[in-house]
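Step one of this worksheet: look at the structure below.
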Amino acid sequence: MDLLYQDELKALAAEQPGGVCLSLYMPTHQAGPERYEENRIRFKNLLKKAETKLVEADLPGMKARDVERLLAPAQGLLENGRFWAHQSQGLAIFLNFENAYTYTLPLEFAEMVMVGPRFHIKPLLPLFAGNGRFFLLALSQNEVRLLQGTRHSVSEIELGEAVPANLQEAIAYDDPENELQFHTSTANPGGMGGQDGMFFGHSASEEEKDFIFRYFRQIDDGLRQILYEETAVPLLLAGVDYLHPIYERANSYPYLLDKGIHGNPEHWRNDELHERAWPLVEPHFAQAQEQALEKFKLAHNNGQASYQLEEVIAAAYYGRVDTLFTPLTKQLWGRFNRQTGETSLDAESSPDNHDLLDAAAIQTLLNGGTVYAIPGHEMPEGQSLAAIFRY
């Protein structure tokens with residue numbers, strides 16, 4: 001699974017070279033070879049829809065060979081068995097004549113083909129919005145797993161060489177003499193020799209805790225390389241009881257939650273970890289969103305907030321929005337003129353307009369604001385867009 005960084009979101013949100021931008025979204029399945037084939041067939045059909053839409057758009061200067069060239073990077077994925085064997089809940093692909101971006105993510109996207117002057121990135125907002133994304137670090141003696149989760153699912157993030165694969169690797173890297181000491185100190189009475197259950201069982205000696213602490217410091221160093229751009233995304237820890245305070249000492253990530261999952265995560269699949277994690281992180285998100293909505297009410301009474309569409313869109317483009325509320329599944333097509341500050345609305349999408357709700361959310365994020373992508377019935381006053389202003 002991919003970790004989408006904010007600088008990548010900025011690149012996707014920026015004006016793209018080549019004039020034509022194609023955005024593809026579809027839900028995917030994770031488990032079983034038969035599901036791999038199902039994903040591939042669905043994607044093949046999605047590319048046919050994209051081809052039809054590009055032809056029907058009748059874009060100036062766009063010929064059949066140009067359509068073929070635009071779709072070529074996506075077509076190349078059809079026979080990539082390894083790609084289809086490593087899917088998450090959703091697939092997002094962005095194509096123009098200069099670049100191709102592919103992301104497998106823990107979001108169940110609605111199937112979508114969008115053609116326009118910019119990429120359509122609103123379905124990605126739950127990964128950056130203030131109401132639903134978290135990380136889960138599962139620690140055991142034999143493995144380290146970092147999961148990225150949302151309300152609906154989690155998927156594993158590839159750690160590569162940034163994080164030690166297990167305790168033995170970390171000790172050997174730290175000091176080969178320590179590795180010998182580690183094996184000696186964890187041997188079972190009678191010389192049967194086994195680390196199982198000692199470090200990650202129910203207790204550990206002070207010497208063993210020192211090994212663990214250094215192991216956790218290496219993990220923390222690696223996570224800093226992976227999560228360096230993350231702001232305010234909570235991290236939840238899963239591990240046996242006595243590991244939690246040790247990791248809290250080693251940790252430098254500022255958004256580690258006090259609560260965690262207690263037990264050996266080696267016994268649980270990713271989906272089982274998600275079942276245990278979401279009830280712990282949901283109150284964190286619910287409280288933050290509730291506080292933001294209350295803040296909106298107070299700010300609106302003081303003239304520091306608005307749900308007037310044109311006013312909010314202009315404020316987002318000009319960097320005035322501190323907090324934005326937008327309905328995740330709704331689109332509003334049109335254009336915004338930066339020079340005049342005027343917004344024009346269209347009845348439907350076209351190659352020369354875009355989703356103004358998407359644009360407002362993007363501009364808010366790019367200017368350092370917070371976005372809450374929420375169900376339509378939770379929007380303030382049932383409006384299409386609402387914002388708290390900086391000034």
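No value in this document is a laboratory result; all are computed from the given coordinates. Fair warning: this is a prediction, and the values are worked out from it, not measured in the lab. Please note: Cβ atoms are built from the backbone with ideal geometry, for glycine as well, and neighbour counts cover all protein chains shown.
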- Message: Can you order the peptides 287-296, 305-314 by their average number of other Cβ atoms within 10 Å per residue, highest first?
- Response: 305-314, 287-296
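Given 0.36 nm per residue, what is the gain on full extension from Arg224 to Arg335 after removing their alpha carbon distance, in nm?
Values: separation 111, 0.36 × 111 = 39.96 nm, distance 3.94 nm.
In short, 36.0 nm is gained.
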- Message: Report the gain in length on full extension from Leu345 to Asn367: 0.36 nm times residue separation, minus Cα-Cα distance, nm rounded to one decimal.
- Response: 5.5 nm
- Note on the structure: Long-range amide H partners of Gln331, meaning residues 5 or more apart or on another chain whose placed amide H is closer than 5 Å, are none
- May I ask you to evaluate 6.51 cos²θ - 1.76 cosθ + 1.60, the Karplus curve with θ = phi - 60°, for each residue of the stretch 309-317 and list the ³J(HN,Hα) values in order in whole Hz, giving x for glycine and proline? 3, 4, 5, 5, 4, 4, 5, 5, 5
- For labels at Glu378 and Asp352 in the simple 7 Å Cα→Cβ model, what's the distance in nm? 3.8
- What residues qualify as long-range amide H neighbours of Thr28, i.e. H under 5 Å apart, gap of 5 or more or another chain, H built at 1.01 Å from N? Gly90, Leu91, Phe109
- Message: Tell me the net charge near Gln331. Cut-off is 11 Å between Cβ atoms, Gln331 excluded, with +1 for each Lys or Arg and -1 for each Asp or Glu.
- Response: -2
- Message: Let me spell out the model: positive unit charges on the Cβ of Lys and Arg, negative unit charges on the Cβ of Asp and Glu, origin at the Cα centre of the chain. What dipole size does that give, in debye rounded to 20?
- Response: 1180
- Task: Quick one: what are the phi-derived ³J(HN,Hα) couplings along the stretch 64-74, Karplus 6.51/-1.76/1.60 with θ = phi - 60°, whole Hz, x for glycine and proline?
- Result: 4, 5, 5, 4, 4, 5, 5, 7, 4, x, 6
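Quote the relative contact order of the chain in percent (integer), defining contacts as alpha-carbon pairs under 8 Å separated by 6+ residues.
On the way: 678 pairs, mean separation 63.4, N = 391.
Computed value for the chain: 16 percent relative contact order.
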- For the pair Ala110 and Ser252, the simple spin-label estimate (label points 7 Å beyond Cα toward Cβ) gives in nm 4.3
- Task: For a label point 7 Å from the Cα of Tyr318 along Cα→C-beta, name the residues of the stretch 377-391 whose backbone N is under 18 Å from it.
- Result: 386-391
- Under a plain spin-label model, where a point goes 7 Å from the Cα along Cα-to-Cβ, how far apart in nm are Asp210 and Lys295? 4.6
